[in-house]
Amino acid sequence: MSIAKDYEEDFSSLTSRERMMYLIELGKDIPDCSNFSGEKIPGCTSDVRLASTGNALHICANSKVVKGFVKIILDLVESKELHSLDIPSFLEKTGLGTRAEMSRSDAFLNVVHAVKESFFKE
């Protein structure tokens with residue numbers, strides 16, 4: 001099974017509150033941006049920064065929920081699934097693209113776009 005499918009399965013049965021708690025748990029090891037000099041990702045309400053050096057990708061975030069998104073994105077990059085993943089479909093299947101989650105899903109899309117632009121040189 002793919003990482004994307006695993007996340008879709010993990011999130012599919014959760015309530016909105018449970019999804020937010022799961023995202024916070026996922027992001028617990030993502031650093032905050034206080035000592036991070038990467039490029040700020042535009043369009044994100046919280047401070048999210050990205051640095052790409054060679055084959056390494058580093059992302060920080062100041063929001064606990066966005067840190068969970070960052071963890072998912074980093075897992076998708078590591079598994080080589082992000083580049084070809086249908087992001088709107090993924091957000092729908094995980095429940096992260098609902099109207100109630102719209103500002104957060106916009107942050108997810110902005111980070112994905114920045115990663116693809118910086119790391120994959122699209």
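Placing pseudo-labels 7 Å out from each Cα toward the beta carbon at Glu39 and Glu18 gives an inter-label distance of 3.9 nm.
The ranking of Leu85, Leu96 from fewest to most other beta carbons within 10 Å of each one's beta carbon is Leu85, Leu96. Distance between the 7 Å Cα→Cβ label points at Ser79 and Lys28: 2.1 nm. For region 64-70, the Karplus equation 6.51 cos²θ - 1.76 cosθ + 1.60, evaluated at θ = phi - 60°, returns couplings of 4, 5, 5, 4, x, 4, 4 Hz by residue, with Gly and Pro reported as x.
Among Ile24, Ile87, rank each residue by its count of other Cβ atoms within 10 Å, from fewest to most, as a rough exposure measure. The partial results should precede the final answer.
Details: Ile24 14, Ile87 18.
Ranking Ile24, Ile87 by Cβ neighbours within 10 Å, fewest first, gives Ile24, Ile87.
A short reminder: the numbers here are calculations on the coordinates, not readings from a lab. This structure is a prediction, so every number in the text was calculated from the model and none was measured. All Cβ positions, glycine included, derive from the backbone under ideal geometry; neighbour counts span all protein chains shown.
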